[in-house]
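The values are calculated or read from the model by the stated rules, or taken from the named source; none is laboratory data. A quick note: this is a predicted structure, and the numbers were derived from the prediction, not measured. For neighbour counting, all protein chains shown are included, and Cβ atoms are generated from backbone atoms with ideal geometry for every residue, glycine included.
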Amino acid sequence: MTAIHAAPLLERARHIATLAAERADKAEAARTPDPDVMDAVTAAGFTNHFAPPPFGDPESTFVELKRAAVVIGAECPATAWCAVLAALMARAAGYLPPEGQQRLWAKGPDTLIAGGVTPRGTATPAEGGWSLSGVWPSVTAAECADWMLLAARVEGAEADTVAGGRVFTVPCDAVRIDRTWDDVGMRATGSHTVVVDRAFVAAPMTFPLSCFAELDDPQPGPDGRAVPLLAVNTFMFSLAMLGAAHGAVRRWEQLVGARIRERPAGYDPVISHYAEVFARSSSEIDAADLLLDRVGEFLDRAAIVTRADVARNQRDCAFAAELLVGAVDRLMRASGSGGHSTGSALQRLWRDLHTAGAHAALRFGPAAAGYAREVLKGDAHG
């Protein structure tokens with residue numbers, strides 16, 4: 001264990017945050033994570049935070065990851081997104097059989113795994129495994145990874161892509177990266193397109209896609225608990241947004257605080273406006289923080305989750321995301337030209353927040369509908 005691994009994850013995150021802030025403009029221009037920053041993310045232990053024993057620490061928690069991700073996200077949401085996704089993909093890889101896990105982590109726990117877990121490809125049976133082909137867009141840190149988890153439909157399987165799909169573990173030298181990522185925000189995530197053309201994947205390097213979403217008979221994950229990916233992904237996607245919002249408040253204070261302090265005493269409509277902006281936005285960010293604390297604490301203690309649990313988690317995370325976007329939008333409108341300058345960290349945080357908040361998993365409408373269906377179904381014929 002290196003010295004940096006010996007420190008708590010939150011302490012390591014502070015080092016990453018400082019470095020990521022320094023390299024943010026360069027990484028945005030390159031449309032890929034800065035190599036030194038990703039080395040720091042790996043060295044800090046994000047890549048094996050949720051990996052199965054003996055490759056990860058079984059005592060690692062979602063709350064611990066949340067706190068660390070928020071520290072990083074306050075400086076560079078794109079780096080926080082990469083760090084959280086690395087942890088999420090390591091957890092997902094824990095569904096591999098033991099032989100597959102040994103192959104995946106053969107070079108040690110500091111193995112960076114990227115993923116495209118929406119079934120975009122097709123797999124056909126081959127002797128000893130499968131032949132995989134497909135195109136997976138928006139794969140975070142695609143150019144930095146050692147391995148990819150790629151979901152695909154199985155030839156001849158049912159139309160239901162969850163029931164008839166599998167996840168395939170592919171080394172990065174077997175894929176092609178098309179540099180398609182050019183979003184207005186989260187540019188430094190390097191979420192480019194992964195292309196695979198008839199790559200052979202041995203049988204131990206794959207597992208059923210249903211492991212991610214099965215709620216009626218969930219399979220134990222790498223930590224021995226039946227908490228599938230569907231129960232945790234919206235929480236993980238929210239963390240970089242929460243960090244961005246906390247960082248935006250701090251930047252806004254730096255930009256606007258001097259204007260408030262310089263105004264004369266007594267009633268002042270300008271001060272009143274700024275005070276309301278600050279108080280309302282900071283309150284909404286704190287509320288989102290508390291909601292996500294509840295989700296993280298639930299995930300840490302749950303041995304199994306129900307459909308209703310998942311629906312509530314998704315509702316809470318989507319609502320938190322909505323609060324965060326609204327709060328930072330308000331700050332941006334009241335930041336003046338300084339906040340909108342292309343050299344301002346505030347506008348970068350704002351752009352990153354909007355791109356993250358546009359993720360399909362964080363849309364409040366579908367989450368609200370799913371929550372209402374699940375919670376009210378028992379009263380449907382009452």
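Data for the structure
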| read-out | value |
| --- | --- |
| Any pair with Cβ under 9 angstrom, 6 or more apart, that starts in region 327-352 at a residue that is without any contact (Cβ under 8 Å) to a residue 24 or more places away in the chain and within 21 Å of R187 (Cβ to Cβ) and ends at one that is hydroxyl-bearing (S, T, Y) and not in a helix (DSSP H, G or I) | Q347/S335; Q347/S341 |
| Residue in region 46-64 that is small (G, A, S), within 20 Å of the chain's Cα centre (by Cα) and within 12 Å of L9 (Cα to Cα) present | yes |
| Pairs where the first residue, in region 168-191, is assigned by TED's automatic domain parsing to the domain that holds A30 and closer than 12 Å to T140 by Cβ and the second is surrounded by 22 or more Cβ atoms within 10 Å (Cβ to Cβ) and among the acidic types (D, E), C-beta under 6 Å, 6+ apart | none |
| Qualifying helices (runs of 4 or more DSSP H) (wholly inside region 291-381; at least 2 residues being farther than 25 Å from G247 by Cβ) | 307-333, 364-376 |
| Pairs where the first residue, in region 288-315, is under 20 Å from E374 (Cα atoms) and the second is crowded, with 21+ Cβ neighbours inside 10 Å and of a type in the set (D, E, K, R), C-beta under 7 Å, 6+ apart | L291/D316; R294/D316; V295/D316 |
| Strands (runs of 3 or more DSSP E) enclosed by region 130-200 - at least 2 residues per element that are among the small types (G, A, S) | 147-154 |
| Single unsatisfied condition, E59 versus (1) among the acidic types (D, E); (2) without any contact (Cβ under 8 Å) to a residue 12 or more places away in the chain; (3) surrounded by 24 or more Cβ atoms within 10 Å (Cβ to Cβ) | (3) |
| Qualifying residue in region 105-128 (condition: part of a helix (DSSP H, G or I), out of contact with any Phe, Trp or Tyr (no Cβ under 8 Å at 6 or more places or on another chain) and not β-branched (V, I, T)) | no |
| Among (1) in the same structural domain as T140 (by TED's automatic domain parsing); (2) at pLDDT 95 or above; (3) in contact with a helix residue (DSSP H, G or I) (Cβ under 8 Å, 6 or more places away or on another chain), the one test that V117 misses | (2) |
| Evaluation of L96 against (1) over 17 Å from the mean Cα position of the chain (by Cα); (2) under 17 Å from M148 (Cα atoms); (3) surrounded by fewer than 23 Cβ atoms within 10 Å (Cβ to Cβ) (one fails), failing number | (3) |
| Any hit, region 300-307, residues being closer than 24 Å to W252 by Cβ and in the same structural domain as A368 (by TED's automatic domain parsing) | no |
| Checklist (1) more than 22 Å from D183 (Cβ to Cβ); (2) in contact with a Lys or Arg (Cβ under 9 Å, 6 or more places away or on another chain); (3) at pLDDT below 95 applied to R330, failing item | (3) |
| Scan of region 251-273 for residues that are at pLDDT 85 or above and either in contact with an Asp or Glu (Cβ under 9 Å, 6 or more places away or on another chain) or loosely packed, with under 14 Cβ neighbours inside 10 Å (or both), ordered by number | Q254, H273 |
| Cβ pairs under 6 Å, 6+ apart, first in region 359-377 and touching a residue at least 12 places away in the same chain (Cβ under 8 Å), second surrounded by fewer than 15 Cβ atoms within 10 Å (Cβ to Cβ) and assigned to a helix (DSSP H, G or I) | E374/A308 |
